[in-house]
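FYI, it's all coordinate maths here, none of it is from the lab. Given the structure is predicted, the values throughout are model-derived calculations rather than measurements. Glycine also receives a Cβ, built like all others from the backbone with ideal geometry; neighbour counts cover every protein chain displayed.
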Amino acid sequence: MKSMKKSTIIIIVVIALLAIWGVTGYNGLVTMDENVSGQWSNVETQYQRRADLIPNLVNTVKGYATHEKETLEGVVEARSKATQIKVDAADLTPEKLAEYQKAQGAVTSALGKLLAITENYPDLKANQNFLELQAQLEGTENRINVARTNFNNAAKNFNTAIRRFPKNILAGLFGFEKRAYFPGTILINTQLYSEAQRRETLCLALCCRRLDVSLHIQLNKPIIS
């Protein structure tokens, strides 16, 4: 009789421990899954921030570079196409991420051409509004790179968790699926900078390195996400 009671108690304890593990593991996977979605929202926010800067930038350049109609229209068109592509955080397939990246890459390329022509207009380069917009754009490009890296890291952590035993059992039971990564490597958009600006950025990086400040910038080299 006592032996049966002891066995029953052991079984109840084991079941309770498994239940606790299951609940804890499930909640952990949910948290990691939601973190991936949150990081994706941040990626979209930073790209939208860049899109919001473009109209003012185009109008400012237009006031000085009236003969650059094709380049200006290229930026506007690329922005328009990119803002039409929306990717739901719950449906981040590799194909949709690739499409999104392609559209945003076209914006980056168009902006590079736009800023390149400003070298031919000294009065524009001295315009305070243009300088402020350019600084905001460069800052936004850095935020985009950081947001993309954070998203890929969050996706990697989640994908690793659902593949490892024993959480892979929970992932299979509750339908947790692998999250896609942002395609390709993350490149610092050096095409947005003139040659003089590249030299200035390099000098700044060297000075900051001496102060042990990590800028995480490697000019013209990819940063693997």
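Before moving on, here are some points about what is shown:
- Within the range 80-123, the trypsin sites (Lys or Arg not before Pro) that combine a DSSP coil assignment with at most 13 other C-beta atoms in a 10 angstrom radius are LYS86.
- In sequence order, calculated HN-Hα J values of the range 37-49 (Karplus, 6.51, -1.76, 1.60; Hz; x Gly/Pro): 5, x, 5, 5, 4, 5, 4, 5, 4, 5, 5, 5, 4
- Scalar couplings 3J(HN,Hα) for the range 168-181, obtained by applying the Karplus form with A = 6.51, B = -1.76, C = 1.60 to θ = phi - 60°, are 5, 5, 5, 4, x, 5, 9, x, 6, 10, 4, 8, 6, 9 Hz; x denotes Gly and Pro.
- Distance between modelled label sites at ASP123 and LYS86, nm, 7 Å Cα→Cβ extension: 4.2 nm
- Projected label distance in nm at GLU138 and SER41, using a 7 Å step from Cα toward the beta-carbon: 3.2 nm
- Set LYS81/LYS125; LYS96/LYS178; LYS62/LYS86; LYS62/LYS113 screened for pairs whose C-alpha atoms are more than 23 Å apart: LYS81/LYS125; LYS62/LYS86
- Label-point separation in nm, LEU18 to GLU70, each point 7 Å along Cα→Cβ: 7.1 nm
- Integer Hz, Karplus 6.51/-1.76/1.60 couplings in order for the range 68-85, x for Gly and Pro: 9, 4, 4, 5, 5, 5, x, 5, 4, 5, 5, 4, 4, 5, 5, 6, 7, 8
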